[in-house]
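Everything on this sheet refers to the single structure shown next.
Nothing in this text is a laboratory measurement; each read-out follows from the coordinates by a stated rule. Remember, it's a predicted structure, so these values are computed and weren't measured experimentally. Virtual Cβ from ideal backbone geometry, glycine too; neighbours counted across all protein chains shown.
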Amino acid sequence: MTSTLSDSDYTQNVQTLLNKIQHNSTRKDSFFELAQIYYTSCQADAGALRTCQENVKGAEDYLSSVSGTKREYAQQQIKKFQNDLKIEEHKQCIDRQHRYKCLANICVNILRLTEGKNQQQTELKSSKLLATLFMLSSSETSNRQQMHQLYKPLYKAVLSLRLLDKLLAQDMLTNTYITSRFDPTTRFSKDASRYSQFQLDVAIPVIIAALLQDIGMQHPETQRLLKGADGTQDEFRVLDKETRTLLLIINHEQTQDFITNGIGVSEYEGNDSNKQERFEKKQINRMKFVSGLLTDAIKPTEDSIGNIVKIPQIYSSFVLSTKPVYRFLDLPNVITVLKNSAKHEFICSHACEYFIKLVGHFPLGLGMLYLLPHKQDDYYYAIVTRLNPKHPNSPTCRRVTSLDNNNEDEKDFTLSEDNNLFYENPKQHLESLSQEALNSLRESHIRRLSETKLPYFNEGFWNPYRYFSINKQQRLWD
């Protein structure tokens, strides 16, 4: 299941997946656009179905009240109305199955990009996708909020999967639906063309829950609350408490409606009634699990499965914020936000601790500035590239400038607090240098990285968006 794509092709593949999830297109074929279409047509569809059912019922009632030649006419009418009903049900079923298959295709693509034959491969692939999403999402462009909103569902889904594994590894989950299906030896598939039962029964429903957590925001009523009746208000503005509460209620209700009626379950293709029964039972159980995840995520308790999607939701909403003000320098504060949420019992404190161990204090894809232990009259640039650092304060990085760019063995390293220029003590070693020397160092790094807006060393970290936009510099995981 290891990717054979080159890195430039890989980023294009990620962009394609993002567009399949949410995209403003003339074809209206992304999944979120399909949800919009469902929400705008569901009342008319329900009305059409109800009319067909009423016509059948009316004709049946008429048949029971007439005799003679009128009965033949009534029977013909019943057949006609039953056929109309069948056609309408079939049309709506086709639409529903199209949405289901679109979602299933997205989930399979996410698994392909995030999970390998074992935990080690899975961690590397997930790290690559999360860092890529972060580095693709510019925080400086005018459409930053729209871009972050586009990237957030996928980002959150990947984090939810890895938190699921982390909690299972620590025996933190008691939900029988999950635990009865979990076996470490069969968690991942050894065959790239097949998926394990755990992936089908648990991992994919977790992806669905994370992706669809805010799908109800596509409903016309939530859009009216966000954009105003005439559509002119800024949807990313800070909302008052009353509007926000109403928005969350409608979002949850409409998300649950979409899961039940908008996508439903996959239809069995075959003639074996026993297999069909087992197939449908599995399908129903999976979607019940999705529904339960989203309900529990509203306010998860200590042992609630809702933490699996709630904690990544809080984290993603900070890292890929859509708020009017976004300060890149505030990103390491996301851990404080999580801890405060746990303190106020919005999320499970133990699950929060394991999530922090999973992601560390510095988001994947964030650029770091650091000293070399043996050469502290210069500083260098690196990018956070791995989940599960040895310590939350010591990220695993890939160096992008070094003394010897040909020394591949030293490119991956653990950045300790003693050398991390995010912290005050290491900065003191450079503060003794002259401004002329510091300017010269910075100019040399600008030339190496082809990046004219590199920060000074005392800012502690940097935004690798421009650096990563150059194809040849996307090979961080080679």
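Along the axis of the charge dipole computed for the chain (Cβ charges of +1 for Lys and Arg, -1 for Asp and Glu, origin at the Cα centre), the listed residues Phe346, Leu246, Met287 are led at the positive end by Met287. Under 23 Å Cα to Cα from Lys472, which lysines show up? Leave out anything in the same chain fewer than 8 places away. Candidates past the 8-residue exclusion: Lys125, Lys128, Lys411, Lys453. For the stretch 247-339, the number of Lys pairs with C-alpha atoms closer than 24 Å, counting only pairs eight or more positions apart or on separate chains, is 9. Each label point was placed 7 Å from the Cα along the Cα-to-Cβ direction; for Gln233 and Glu221 their separation is 1.6 nm. For the stretch 369-464, the list of chymotrypsin sites (Phe, Trp or Tyr not before Pro) that fall in a loop by DSSP and count at most 16 other C-beta atoms within 10 angstrom reads Tyr423, Tyr456. Note on the chain: dipole from Cβ charges, positive end direction compared against Tyr10, Phe236, Ile335; the farthest Cα belongs to Tyr10.
Loop-resident trypsin sites (Lys or Arg not before Pro) (DSSP state other than H, G, I, E or B) in the stretch 227-298 with no more than 15 further Cβ atoms inside 10 Å of their Cβ: Arg237.
Among residues other than Thr174 with Cβ under 12 Å from its Cβ, the summed charge is -3 (Lys and Arg +1, Asp and Glu -1). For the stretch 374-478, the set of trypsin sites (Lys or Arg not before Pro) satisfying both a DSSP loop assignment and a count of at most 14 other C-beta atoms within 10 Å is given as Lys390, Lys453, Arg475. Taking Cβ atoms as reference points and 10 Å as the exclusive limit, the residues near Ala131 contribute a net charge of +3, counting Lys and Arg as +1 and Asp and Glu as -1.
Relative contact order for the chain: 15 percent, from Cα pairs under 8 Å spaced at least 6 residues apart, divided by residue count.
When the helix-only estimate is applied to the chain (DSSP H runs of n ≥ 4, each -39,500 (n - 2.57), divided by the residue count), what is the mean residue ellipticity at 222 nm, nearest 500 deg cm²/dmol?
-18500 deg cm²/dmol, from helical runs alone.
Projecting the Cα positions of Gln53, Gln36, Gln77 onto the charge dipole of the stretch 26-97 (unit charges on Cβ atoms of Lys, Arg, Asp and Glu, taken about the Cα centre) puts Gln77 furthest along the positive direction.
How much net charge surrounds Lys156 when only the other residues with a Cβ under 12 Å from the Cβ of Lys156 are counted, with Lys and Arg +1 and Asp and Glu -1?
Within the 12 Å Cβ shell, the charges total +2.
Run the reach check for Lys57 against lysines, Cα to Cα strictly under 19 Å, same-chain hits fewer than 8 apart removed. What comes back? Leaving aside lysines fewer than 8 places away in the same chain, those within reach of Lys57 are Lys70, Lys79, Lys80, Lys86.
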